[in-house]
Amino acid sequence: MKIAFIGGGNMATALIAGLAGQLTEAANLHVVDPNAEALERLSGQYGVSTASAIDAKLAGSDVVVLAVKPQQMREVAASLAPHLQGQLVLSIAAGIRIADLSRWLGGHGAIVRSMPNTPALIAMGITGMVAQAGVSEAQREAADQVMRAVGKTVWLDDEAKIDPVTAVSGSGPAYVFYFLEAMQQAALEMGLDAEQGKALALATFTGAAQLAAQSAEPVEVLRQRVTSKGGTTHAAITSMEQAGVKEAIVAAMKAAAARGKELGEEMGRD
């Protein structure tokens, strides 16, 4: 599989690290980025070919991964459109809707929109994906293989569901970090030092997540098993419920989804 990356930032680097020598040889990977330092780093580290601008070499690619900032997408699409010959275009840019991207690409009909998250940087990400009607089964599988290089994938049957995916997993790592901040702050306020608080919080979060992932039981049941009535955990959960923590989290994620939809409308506006 020959894959071209437009953009050589963190997410593109993570994908290249997962793909080079695994799904395809490094010689089949090509990166376009105006940043000479990024290109030198990617070429030296992974052996990929590079270019500072979009050119005819992209015509030979099977997959073109758009890994640029959403605000740059319209300009990039205009430069890319003349070089497309039916290749799969895989967008990992937040907020850019398929219809808008297709229009900017001159009506291109083979686009997969995806929403990865930052744990992809350590190959533990999860990506929500949706395919345009013109995407073939082989192209869909190719997109899946690319994103599985950095974690798991979840396919959607409706592009509108990308906004909830953005709210749950795309923005989700920030919620986890926020909760970890709170745990570490509480540890400090209760007399533990910073290193102790960090070690306890991280190990607890990692262990609990793994337990939930490996258990066949719902997380609600797992929580109840730790929460003995009248015990310490019960006191903590009761305090959170009285403060409306769960409702606040749900409301926050709905706000993230709503903002995702707004951004798509704003960036797609002519």
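Using only alpha carbon pairs under 8 Å that are at least six residues apart, calculate the relative contact order of the chain and give it in whole percent.
Details: 392 pairs, mean separation 40.7, N = 270.
The value is 15 percent.
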* To do: Find how many whole Å separate the alpha carbon centroid of the range 66-81 from the alpha carbon centroid of the range 150-175.
  => 21 Å
* When N is the residue count of the range 3-160, what does its C-alpha Rg come to as a fraction of 2.2 N^0.38 Å? -> 0.94
* When only Cα pairs under 8 Å and 6 or more residues apart are kept, what is the percent relative contact order across the range 47-103? -> 44 percent
* Asked: If you count the DSSP beta bridges with both ends in the chain, what percent of them are antiparallel, to the nearest 5?
  -> 15 percent
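Can you quote the Å³ per residue value for the convex hull of the Cα atoms in the chain, rounded to an integer?
153 Å³
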* To do: May I ask you to give the average projected area over all directions of the convex hull of the Cα atoms of the range 55-105, in nm² rounded to one decimal?
  => 3.2 nm²
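Round to the nearest 0.05 the FRET efficiency obtained for LYS246 and TRP155 when R0 = 22 Å and r is the Cβ-Cβ distance.
Working: r = 28 Å, r/R0 = 1.29.
Efficiency computed from Cβ-Cβ geometry: 0.20.
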* Structure fact -> Hits for the chain under the membrane-span-like helix rule (DSSP H, Cα axial span at least 27 Å, Kyte-Doolittle mean at least -1.0) are 194-214, 245-268
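Provide the gained length on full extension for the span ALA182 to MET124, in nm with one decimal, where the gain is 0.36 nm per separating residue minus the Cα-Cα distance.
Working: separation 58, 0.36 × 58 = 20.88 nm, distance 2.34 nm.
Here the segment from ALA182 to MET124 would lengthen by 18.5 nm.
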* Charge sum, other residues only, whose C-beta stays under 9 Å from GLN132's C-beta, Lys/Arg counted +1 and Asp/Glu -1 -> 0
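Mind running the shape call on the range 135-183? Use the C-alpha gyration tensor, a ≥ b ≥ c as the square roots of the eigenvalues: rounded below 1.5 for a/c, prolate if a/b tops b/c, oblate otherwise.
Working: a/c = 5.50, a/b = 2.03, b/c = 2.71.
In terms of gyration-tensor shape, oblate.
Where the convex hull is taken over the Cα atoms of the range 172-263, what is its projected area averaged over directions, in nm²?
7.6 nm²
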* Using the Cα gyration tensor of the range 20-108, with a ≥ b ≥ c the square roots of its eigenvalues, what is the shape: rounded (a/c below 1.5), prolate (a/b larger than b/c) or oblate (neither)? -> prolate
* Whole-number Å³ per residue for the convex hull built on Cα positions in the range 83-202 -> 114 Å³
* Structure fact -> Here, trypsin sites (Lys or Arg not before Pro) of the range 162-270 satisfying both criteria (DSSP loop; at most 15 other Cβ within 10 Å) are LYS229, ARG269
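Taken together, the values in this text are just the output of simple stated rules run on the coordinates, not laboratory data. As the structure is a computational prediction, the values presented were derived from the model and not from experiment. When we count neighbours, we look across all protein chains shown, and the Cβ atoms used for this are built from the backbone with ideal geometry, even at glycine.
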